[in-house]
Amino acid sequence: MGYCSADEVRVMIKDDALNALIGDEYIDDEAEREAKILPVIQEAIADADGEIDGYLAKRYPVPLTLIPKAINKMSKDIAVYNIFSRVGIDEDGPDKNYLNRYQAAVKFLQLVAEGKVDIGVGNTQSAATTGFSARSSPRLFSRDSLKGM
């Protein structure tokens, strides 16, 4: 199970970009185009999720079972970037948006890995278990028991 679905990623890809992403051959049949782009999307999602797990593994058990909305968004952004990077991204054109979103996703994931951002899922080491803890015997003397001595 991925951090996003193929349908979520497909919605982010404009129809007029499909032929360029699939290959050099123009495909007029919409069903055939969708059938050819699906494996590309699935592979891009798997790559994106692997990249995300690489960052998250430092702080969380991966793959995540409960997927925060932020991780869903990062997975979609990275997957779309992976798809468009197959054919090249023009940094001076409208494709730069895909690069910017990818770079923002990586920056966010780096902050998560450094512990500066918490994504709100069960951490393997909570602050309560990694901090200092001490136990002692019950108190023998108090202010009242020492009066008059």
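The values are calculated or read from the model by the stated rules, or taken from the named source; none is laboratory data. From a predicted model like this one, the values you see are computed outputs, not experimental measurements. Using ideal geometry, Cβ is built from the backbone for each residue, glycine included, and neighbour counts are taken over all protein chains shown. Surface accessibility is based on the protein's heavy atoms, side chains included, excluding ligands, DNA and RNA. Shrake-Rupley method; radii C 1.70, N 1.55, O 1.52, S 1.80 Å.
Given a 1.4 angstrom probe, I'd like the percentage of the accessible area of region 1-144 that is carbon and sulfur, rounded to a whole number. Carbon and sulfur: 50 percent of the exposed surface of region 1-144.
Accessible surface ranking for F141, F84, 1.4 angstrom probe, highest first: F141, F84. Surface calculation, 1.4 Å probe, protein heavy atoms: I119 sits at approximately 20 Å² accessible. Counting heavy atoms of the protein chains alone, R59 has an accessible area of about 80 Å² for a 1.4 Å probe.
Whole number in Å², please: accessible area per residue of the chain, 1.4 Å probe, ligands, DNA and RNA not counted.
67 Å²
Counting only alpha carbon atoms, the long axis of helix 96-114 and the longest principal axis of the chain meet at about 20°. Normalised by the number of residues in the chain, the mean separation of alpha-carbon contacts (under 8 Å, six or more apart) gives a relative contact order of 26 percent.
Look at the dipole of region 1-59 built from charges on Cβ: of A6, A31, A46, the Cα furthest out on the positive end belongs to A46. Here the Gaussian network model covers the chain, with springs between Cα atoms less than 10 Å apart; of A44, A20, A79, A20 fluctuates the most.
Within the shell defined by Cβ-Cβ distances under 10 Å, the residues around C4 carry a net charge of -2, with Lys and Arg each +1 and Asp and Glu each -1. Angle of helix 69-85 to the longest C-alpha principal axis of the chain, folded into 0 to 90 degrees and rounded to 10: 30°.
Solvent-accessible surface of protein heavy atoms, probed at 1.4 angstrom with all chains present, puts Y60, Y102 in the order Y102, Y60, largest first. Computed over neighbours whose Cβ is under 13 Å from that of I78, the net charge equals -3, Lys and Arg +1, Asp and Glu -1. Principal-axis analysis of the Cα atoms of the chain puts helix 30-56 at an angle of about 30° to the longest axis.
Lysines near K58 by alpha-carbon distance under 22 Å, same-chain residues fewer than 8 away left out - which ones? Partners found: K69, K73, K76, K107, K116.
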